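J.: Submitted below is the structure of interest, expressed as structure tokens.
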Ligand SMILES: [Zn+2]
């Protein structure tokens, strides 16, 4: 599953127990040893890309507003 942290960034969470601690070497959950599936990895990759795109769009919008305020 995909969990969204308080800053709005997506994080991969375990499908079985919902925790966000994974053993990066073996791609398994620390809590319940559930395997991180390729589907999970594809899902978090897409979520991160969408988040980055959204953040970049927001940054552009903000810099545009600032320019508009300058004399
Ligand atoms: Zn787990």
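Throughout, read-outs are computed from the coordinates displayed, never taken from laboratory work. In this text, all values refer to a predicted model and were calculated from it rather than measured experimentally. Positions of Cβ are backbone-derived with ideal geometry, glycine not excepted, and every protein chain shown enters the neighbour counts.
J.: Relative contact order for the chain: what is it in percent, counting Cα pairs under 8 Å that are at least 6 residues apart?
T.: 23
J.: To continue, here is another question. Given the C-alpha centroids of the range 13-36 and the range 37-53, what is the distance between them in whole angstrom?
T.: 16
J.: Kindly provide the helix-only [θ] at 222 nm of the chain, computed as the sum of -39,500 (n - 2.57) over DSSP H runs of four or more divided by all residues, to the nearest 500 deg cm²/dmol?
T.: -16500 deg cm²/dmol
J.: Right, next: Listing 1, 25 from the residue with the fewest other Cβ atoms within 10 Å to the one with the most, what is the order?
T.: Placing the least packed residue first, the sequence is 25, 1.
J.: So how long is each side of the chain along the principal axes, counting just the alpha-carbon atoms, biggest first, in Å?
T.: Cα spread of the chain along its principal axes, largest to smallest: 59, 21, 18 Å.
J.: Between helix 38-69 and the chain, what is the angle of the helix's C-alpha long axis to the longest principal axis, kept within 0 to 90° and rounded to the nearest 10?
T.: 10
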